[in-house]
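The values are calculated or read from the model by the stated rules, or taken from the named source; none is laboratory data. Just so you know, these numbers come straight off a predicted model, no measurement behind them. With ideal geometry, Cβ positions are generated from the backbone for all residues, glycine too; neighbour counts draw on all protein chains shown. The protein model used for the area step is the full one, side chains on, heavy atoms only, and it has no ligands, DNA or RNA in it. Shrake-Rupley method; radii C 1.70, N 1.55, O 1.52, S 1.80 Å.
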Amino acid sequence: MSVEEKIKTLRAELALHNHKYYVLDAPVISDYEFDQLLINLQELEQANPQFFDPNSPTQRVGGTVTKNFVTVQHDHRMYSLDNSYSKEDLLDWEVRLLKVIQQPLSFMCELKYDGASISLTYENGLLLRAVTRGDGIQGDEVTANIRTIKSIPLKVAAPSNERFDIRGEIIMTKSGFEALNEKRRALGEEEFKNPRNTASGSLKLQNSAEVAKRPLSCLLYSIQGANWPIETQKDMLHQARNMGFKVPSEARLAKNMDEVLAFIDYWEKHRHELPYEIDGVVIKVNELAHQNILGHTAKAPRWAMAYKYKAEEATTLLNQVVYQVGRTGAITPVAELEPVDLAGTVVKRASLHNADQIEKLDLHFGDTVVVEKGGEIIPKITAVKIGLRPDGAVPVGFIDQCPECGSALVRLAGEAQHYCLNEQNCPPQISGRIQHFISRKAMDIDGLGEETVTLMVKKGLIHDFADLFTLKVEDIVPLERMGEKSAQNLVQGVQESIRQPYSKVLFALGIRHVGETVAQKLTQAFPNIELLRRATEAELVAVDDIGLKIAQSLLNYFENDENWYRIKRLRAYGCQFETQNDVEQKVQSRVLEGMTFVVSGVFQNLSREEVKALIIAHSGIIVGSISGKTSYVLAGDQMGPSKRQKAEKLGIPIISEEDFFKMIAPNP
Ligand code: AMP
Ligand code: ZN
């Protein structure tokens, strides 16, 4: 295969995996394998710049900086939609339609994705440009940014090579939005308000590499200017999906207005189960022939109608403010409300986030407040009706002592949150840390519910998560609700958790500001916990996505001897504190299989880490201390005298660096 063919094959393969991952949500290879393919392609492209292609999957990472976005004319005007808010509005609309069409109509019902509209132009099957809606006649060209959105195909198998437009909405999923905000919180950056503003703001970022980091997606709903046959709106969606675009599958064909109304009702109740936000539904006359007859008004098509869901707000009274203590000691104020119905659920509590938020709202006890529900996130107070405030109402202050343990609360410079620093003895922090440790994304230990954890802490059975590894079935059985079988499951679950990789273990430790992604970044940069512990502030912030705040938190964490002691215990129980990925990649031979080594002293040719890596690469096992089971002590210079004595006493052979090299040298 020529280099050019190799490059082309890799590009096609990667495009296919992008489609499986980002469009179909059904990846068939691991992220690791994907990255390997991408790295291969990057290397080939760098070595052979003559084959550069802006549509290569390697270009998805962005890097183009746009100072001013160019205004361009749309090939096909981007209309707005007429809005309706009631069933009567829709019935009126149907009457207007029937006057023109004079035969029963079927309707395509789609969700109204809440994001920023975009028009993508393809020519010769390639993405040519992407333009925002603007005023509908002309918009801003944001192609460089749009290229980084991986659910948008850069190449499509269109029925014709001629130019066509496809319309859609750039959105951020709710989970992507939450994860992005978690990252920003950790970096001490201001959080984004909602997925929609974040998505539309992202389109106008000047550096496309920044856009590439945002979890954006694009949901498509309309093809314009196609010169191949499309008969109906339903067919249009089907064709768009077949070409490789992300077209949500919730759309339904309604045979009549009753079915349209049922669709609207269904999604009004279930909209929060969707991975992205919608602000209503869009109803479209299904036959394109009918659409053509109906045409447009100055502003919007006559054949389509948006039905907007009401903003999910309610007004109620603030009774009390209580304070919750999280596992990191962070204090969250929570408003207790006069129960009120909000979008079908009774709301009694709302988060107030922090002291700043209370101040910003100028909240007083007895205030009438507006609560809003967004997605699965717990409701929040968005406004106070100052006019309804009772005379003499007392402003809501903030507590200065931990409601659980009485310690003085501290607010660190630059942080919005108050903290209880009594980490070791504040009960909700103790059980919170254990719960975090066993959670699915951390050590994933089954069979241990929240109540059991609290109970075990209360009974003094465990004080921190390292104690979990010392639990015996007979200790647990006497606990309420614990049978022999579940106790066994629990002990087994704990033992099995030692297989969790280093990054999950690091996340499980619950170090402040070290979330899942940060833990991954750290374990990549510092492949074992010793290296991480010894890292300086400068070395830490040199890592992608690690800011000063995270670095400071890590330094504080490792400064505390108790934390390090706990890690040593976990390591002794078998938990992983080094990356296995590299090791698995580099298994070179099995000559050391079944042998255990203790490594001690300073070596001539290699660092200790390198020596250890070699042992693992040749399938040997490294242990921390000498015992009767040790196969060899691998000694460099300055090996401790007590170790030497112990080895000699137990008759364990002491070998040198040279001996070791002979052992692993390939047979002549
Ligand atoms: P409006 O912004 O209220 O005028 O509503 C029109 C906008 O709704 C369009 O520009 C699209 O960006 C957006 N929209 C979201 N989902 C759909 C959909 N399924 N069909 C048509 N437009 C949609
Ligand atoms: Zn406390």
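The modelled label-to-label distance between E484 and D362, using points 7 Å beyond Cα along the C-beta direction, is 6.8 nm.
Under the combined filter of DSSP loop state and at most 12 neighbouring Cβ atoms within 10 Å, the stretch 513-612 retains these trypsin sites (Lys or Arg not before Pro): K586, R590.
When the Kirkwood radius is taken over all Cα pairs of the chain, what Stokes-Einstein diffusion coefficient follows at 4 °C and 1.567 mPa s, in µm²/s?
For the chosen part, D equals 44 µm²/s.
Computed on the stretch 555-668, the Cα convex hull volume stands at 138 Å³ per residue.
With the simple spin-label model, which puts each label point 7 Å out from Cα in the Cβ direction, the T470 to T517 separation comes to 3.8 nm.
Using R₀ = 45 Å, calculate the FRET efficiency as 1/(1 + (r/R₀)^6) where r is the Cβ-Cβ separation of E259 and R569; round to 0.05. Walk me through the intermediate numbers first.
On the way: r = 62 Å, r/R0 = 1.38.
Calculated transfer efficiency: 0.15.
Using the Cβ of F469 as centre and a radius below 14 Å, the other residues enclosed give a net charge of +2, where K and R count +1 and D and E count -1. Per residue, the accessible area of the stretch 596-664 comes to 55 Å², computed with a 1.4 Å probe over protein heavy atoms only. Distance between the C-alpha centres of the stretch 3-25 and the stretch 100-124: 29 Å, rounded to the whole angstrom. Average projection, convex hull of the Cα set of the stretch 314-362: 3.9 square nanometres. Near I101: Cβ cut-off under 13 Å, other residues only, Lys/Arg at +1 and Asp/Glu at -1. The net charge is +1.
From the cross-link list K246/K348; K234/K299; K213/K458, which pairs have alpha carbons spaced over 32 Å apart?
Flagged as over cut-off: K246/K348; K213/K458.
Relative to the first principal axis of the alpha-carbon coordinates of the chain, what is the inclination of helix 548-559, with its axis defined by its Cα atoms, in degrees from 0 to 90 and to the nearest 10? With rounding to tens, the tilt is 30 degrees. Roughly how far apart, in whole Å, are the Cα centres of the stretch 390-446 and the stretch 156-182? Their Cα centres are 40 Å away from one another. Only Cα sites of the stretch 90-169 enter the Debye sum here, all with the same form factor; the resulting log10 I(q)/I(0) across q = 0.16, 0.19 1/Å is -0.76, -0.87, listed in q order. Shape analysis of the stretch 313-403 yields a ratio of the Cα radius of gyration to the Kirkwood radius, Rg/Rh, of 0.96. Counting only heavy atoms of the protein chains and using a 1.4 Å probe, D400 has close to 110 Å² of accessible surface.
For L216, no residue has an amide H sitting under 5 Å from its own, ignoring neighbours fewer than 5 places away on the same chain, with H placed 1.01 Å from N.
The angle between the Cα long axis of helix 608-617 and the main principal axis of the chain comes to about 70°, on a 0 to 90 degree scale. At full extension, R77 and N194 could sit 39.3 nm farther apart than now, given 0.36 nm per residue minus the alpha carbon distance.
Distances between placed amide hydrogens fall under 5 Å for Q224 paired with D165, I166, R167, all partners being 5 or more residues away or on another chain. The H on the amide N of H74, modeled in the peptide plane, is under 5 Å from the matching H of Q138, G139, each at least 5 residues off or on a different chain. Taking θ as phi - 60° and the Karplus parameters 6.51, -1.76 and 1.60, the scalar couplings of the stretch 246-260 work out to 8, 10, x, 8, 6, 4, 9, 8, 9, 7, 7, 5, 4, 5, 4 Hz in sequence order, x denoting glycine and proline. Couplings 3J(HN,Hα) for the stretch 64-74, derived from phi with the Karplus relation 6.51 cos²θ - 1.76 cosθ + 1.60 (θ = phi - 60°), are 5, 10, 10, 7, 10, 6, 7, 7, 10, 7, 6 Hz, where x marks Gly and Pro.
Plugging the Kirkwood radius over Cα pairs into Stokes-Einstein for the stretch 3-61, at a temperature of 10 °C and a viscosity of 1.306 mPa s, what D comes out in µm²/s? Before the final figure, lay out the partial values.
Working: Rh = 11.7 Å.
My calculation gives 136 µm²/s for D.
Of the GluC sites (Glu not before Pro) in the stretch 528-625, the ones in a loop by DSSP (not H, G, I, E or B) with at most 13 other beta carbons within 10 Å are E593.
How many percent of DSSP beta bridges within the stretch 313-403 run antiparallel, rounded to 5?
Values: 23 of 24 bridges.
The antiparallel fraction comes to roughly 95 percent.
What percent do you get for the relative contact order of the stretch 427-499 when only Cα pairs under 8 Å and 6+ apart count? Kindly include the intermediate steps, with their values, before the conclusion.
Values: 58 pairs, mean separation 25.0, N = 73.
Relative CO of the stretch 427-499 lands at 34 percent.
Qualifying GluC sites (Glu not before Pro) in the stretch 371-455, where qualification requires a DSSP coil assignment and no more than 13 other C-beta atoms within 10 Å, comprise E376.
Grab the Cα-Cα distance for A179 and V477, subtract it from 0.36 nm times how many residues apart they are, and report the gain in nm with one decimal.
On the way: separation 298, 0.36 × 298 = 107.28 nm, distance 3.87 nm.
Net length gain for the segment: 103.4 nm.
The stretch between T332 and N207 holds 41.5 nm of extra length on full extension. This uses 0.36 nm per residue minus the Cα-Cα distance. Taking the C-alpha atoms only, the angle from helix 484-496 to the longest principal axis of the chain is near 80 degrees.
The string of couplings for the stretch 444-456 from the Karplus curve (6.51, -1.76, 1.60, θ = phi - 60°) is 6, 9, 7, x, 9, x, 4, 5, 4, 4, 4, 5, 5 Hz, one whole number per residue in order, with x for Gly and Pro. Cβ screening of the chain for cysteine pairs under 4.7 Å finds these without a partner: C109, C218, C575.
What pairs in K310/K360; K193/K385; K504/K662; K6/K612; K441/K612 have C-alpha atoms more than 31 Å from each other?
Details: K310/K360 26 Å; K193/K385 21 Å; K504/K662 37 Å; K6/K612 37 Å; K441/K612 29 Å.
Listed pairs above 31 Å: K504/K662; K6/K612.
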